[in-house]
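The values are calculated or read from the model by the stated rules, or taken from the named source; none is laboratory data. Just so you know, these numbers come straight off a predicted model, no measurement behind them. Ideal geometry is used to build each Cβ from the backbone, glycine not excepted, and the neighbour counts take in all protein chains shown. Ligands, DNA and RNA are stripped out before the accessible areas are found, and what is left, the full protein with its side chains, is counted by its heavy atoms. Shrake-Rupley method; radii C 1.70, N 1.55, O 1.52, S 1.80 Å.
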Amino acid sequence: HAIECRINAEDPDTFVPSAGRITTFQAPGGTGVRVDSAAYADAVIPPYYDSLIAKLIVKGRDRTEAIGRMRRALEMFVIEGIKTSIPLHRRIVADPRFVAGNYNTHFIDRLVGTNGK
């Protein structure tokens, strides 16, 4: 099983872009974890282009293992200086509905609109 989180330079609650300078960039690693990115500490995210900073991909023997690896990788991923979608992804993989596979196209609206409740 594999899961990908697209780490964007944007507010995790409003999705407003967050241009600026990355002051800290520490990517996660380990078994089953891959990060595709050209970002680094001191890089500038301009307001003119796609806000994608990195793709965080994990794989596991099954969905449960992949979710566990993604939770760990998201906790290890540190980007400072700008807002990112990392907190949103943390909420998603911790949400019981996502873990159970009980979600649809309204999932994010409900998650963000109710702070995960």
Note down the magnitude of the dipole of the stretch 1-107 about its Cα centre, charges +1 on Lys and Arg C-beta and -1 on Asp and Glu C-beta and zero elsewhere, to the nearest 20 debye.
380 debye
Selected from VAL33, ALA54, ALA9, residue furthest toward positive end of dipole (the stretch 1-115; charges at beta carbon):
VAL33
Roughly what angle does helix 63-76 make with the longest principal axis of the chain, taking Cα atoms, 0 to 90 degrees, to the nearest 10?
30 degrees
For a quick check of understanding: with a 1.4 angstrom probe and all protein chains in place, what accessible area in square angstrom does THR14 have, to the nearest ten?
90 Å²
Post the alpha-carbon centroid distance, the stretch 16-71 to the stretch 86-111, in whole angstrom.
18 Å
Filtering chymotrypsin sites (Phe, Trp or Tyr not before Pro) in the stretch 41-117 by DSSP loop and by at most 15 other Cβ atoms within 10 Å leaves TYR48, TYR49, TYR103
Can you give the Rg to Rh ratio of the stretch 1-47, both from alpha-carbon atoms, with Rh computed by the Kirkwood formula?
1.01
Using the Kirkwood radius over Cα pairs, work out the Stokes-Einstein diffusion coefficient for the stretch 56-117 at 25 °C and 0.890 mPa s, in µm²/s as a whole number.
196 µm²/s
Using modelled backbone amide H atoms (1.01 Å from N, in-plane), which distant-in-sequence or interchain residues come within less than 5 Å of SER85's amide H?
ASN8, GLU10
Take the Cβ-Cβ distance between THR23 and ASN102 as r, set R0 to 41 Å, and report the resulting FRET efficiency rounded to the nearest 0.05.
0.60
Radius of gyration and maximum dimension Dmax of the chain, Cα, Å:
14.2, 40
